[in-house]
Amino acid sequence: MVARREFFNRIIFGIAGLIGLGLAVPLAGYTILPTLRKRTEPWSELGPLRLLDVNRPKKFEIIRSVVSGWMKSDSIRSVWAFKKPDGEIVVFSPLCPHLGCGFQWSEDGRFLCPCHNSVFDLSGQVLGGPAPRPLDTLSVKVEEDRLFVLYKDFKVGTPRKEEI
C-alpha cells in the first residue's frame, strides 16, 4: 500500500515530467531540425537571353539567395556567360580553379587570371599557367526567354571539379 505523501509525490513528478517533455519536443525540433535540413540554393535570374552575345562572354551579376536553417542570406555574385553559335548557353563560375582569384575576358579571345597568369580559352580549357583544371561551368535553364543559373562554389587547387 502506498502512503498518501508518496502517492502525491509520484503524481507531481509525473505531471512535471509530462510538462517538461511537452516543452522539450518543440524546443528540440526548433533547434535541431534546421541543422538536418539540406541547404537550398534556388536558381538565380541572369536576365533575358537577348543580352547574350555569340562567342563573346559578358560578366553578369546575380543575387544569390541561400536558405540555411532559419536564416536566409543574399549575396551578389558574378558569372561569365555567352552563347555558342549552335545556341548552347555556357556560364562559368567567376573564380579561377587554381586559387579562387577572379579572372577577366580579354579582347584577344582568352580568359586571363591576374594572380598567377593562368590562361583559358573560350571553352574554359587551360592554355597556360598553374590552373589544375578547366574553368568551372554552372547549370543553366531557360524559362520564357529568361536565363537562370544555379550558382555553386567549387574547391580550388584540385584537379577535379568538386562542389563545396
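Any read-out appearing in this document is the output of simple, stated calculations on the displayed coordinates, not a laboratory observation. Remember, it's a predicted structure, so these values are computed and weren't measured experimentally. When we count neighbours, we look across all protein chains shown, and the Cβ atoms used for this are built from the backbone with ideal geometry, even at glycine.
Key figures for this structure:
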| item | result |
| --- | --- |
| Percent RCO, i.e. relative contact order, over the stretch 44-150, from Cα pairs under 8 Å lying at least 6 residues apart | 24 percent |
| The chain, dipole about Cα centre (Lys/Arg Cβ +1, Asp/Glu Cβ -1), debye to the nearest 20 | 800 debye |
| Most fluctuating residue given options Leu21, Leu99, Leu46, as computed from a GNM of the chain linking Cα atoms under 10 Å | Leu21 |
| Using alpha-carbon coordinates, inclination of helix 4-36 to the longest axis of the chain, degrees | 0 degrees |
| Distant-in-sequence amide H partners of Ser118 (H built 1.01 Å from N, under 5 Å) | Cys113 |
| Whole-number D in µm²/s for the stretch 44-150 (Stokes-Einstein; Kirkwood sum over Cα pairs; 10 °C, 1.306 mPa s) | 109 µm²/s |
| GNM result for the chain, Cα springs below 10 Å: residue of Val79, Val25, Val67 fluctuating most strongly | Val25 |
| Which of Val67, Pro159, Gly124, positive extreme of dipole for the chain (C-beta unit charges) | Val67 |
| Within the chain, longest stretch clear of exposed GluC sites (Glu not before Pro) (DSSP loop, no more than 16 other Cβ within 10 Å) | 1-87 |
| Amide H partners (placed H, <5 Å) of Phe154, local residues excluded | Ile164 |
| Among Leu135, Leu52, Leu33, residue whose mean-square fluctuation peaks in a GNM of the chain (springs only between Cα atoms under 10 Å) | Leu33 |
| Positive-end extreme of charge dipole, the chain - chosen from Pro97, Leu51, Ala81 (charges on Cβ) | Pro97 |
| Theoretical ellipticity at 222 nm over the chain - DSSP helices of four or more residues, -39500 (n - 2.57) apiece, nearest 500 | -7500 deg cm²/dmol |
